[in-house]
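Contents: one structure, followed by commentary.
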Amino acid sequence: MTQFGLFDYHKRLSRIDQAGDPLVELNEAVDWEQFRELIERAREKPRKSPAGAKGYDSILLFKILIL
């Protein structure tokens, strides 16, 4: 196995961007914010206490689910 260097991740992302990253194109084509209200209503539930970390953004979770 090859060990990745400090800048290998950056180089890989640069190559993907040059080739035309389909995720960037999809992000530009879809207006994700139109789904926010519906998703947040579906995720609504009363919190039992104020302890704990704040949940992830609704749109981020939706993108993960879809993609």
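The values are calculated or read from the model by the stated rules, or taken from the named source; none is laboratory data. Note that the coordinates shown come from a computational prediction; the quantities given were computed from them, not determined experimentally. Heads up, the Cβs are rebuilt from the backbone with ideal geometry, glycines too, and the neighbour counts pull from every protein chain shown. Surface areas here come from the heavy atoms of the whole protein model, side chains and all, with no ligands, DNA or RNA. Shrake-Rupley method; radii C 1.70, N 1.55, O 1.52, S 1.80 Å.
Restricting to segment 29-55, give me the number of residues that are modelled with pLDDT under 90 and open to solvent by 80 Å² or more (accessible area, probe 1.4 Å).
Residues flagged as modelled with pLDDT under 90 and open to solvent by 80 Å² or more (accessible area, probe 1.4 Å) within segment 29-55 amount to 9.
Keeping to segment 18-28, report how many residues are free of Cβ contacts under 8 Å to residues at least 24 places away in the same chain and open to solvent by 100 Å² or more (accessible area, probe 1.4 Å).
Residues flagged as free of Cβ contacts under 8 Å to residues at least 24 places away in the same chain and open to solvent by 100 Å² or more (accessible area, probe 1.4 Å) within segment 18-28 amount to 3.
Quick check on my filter: what residues within segment 27-67 are over 30 Å from ASP17 (Cβ atoms) and part of a loop (DSSP other than H, G, I, E, B)?
GLU44, LYS45, PRO46, ARG47, LYS48, SER49, PRO50, ALA51, GLY52, ALA53, LYS54, GLY55
Quick one: would you say LYS11 is open to solvent by 100 Å² or more (accessible area, probe 1.4 Å) and basic (Lys, Arg)?
Yes: the conditions hold for LYS11.
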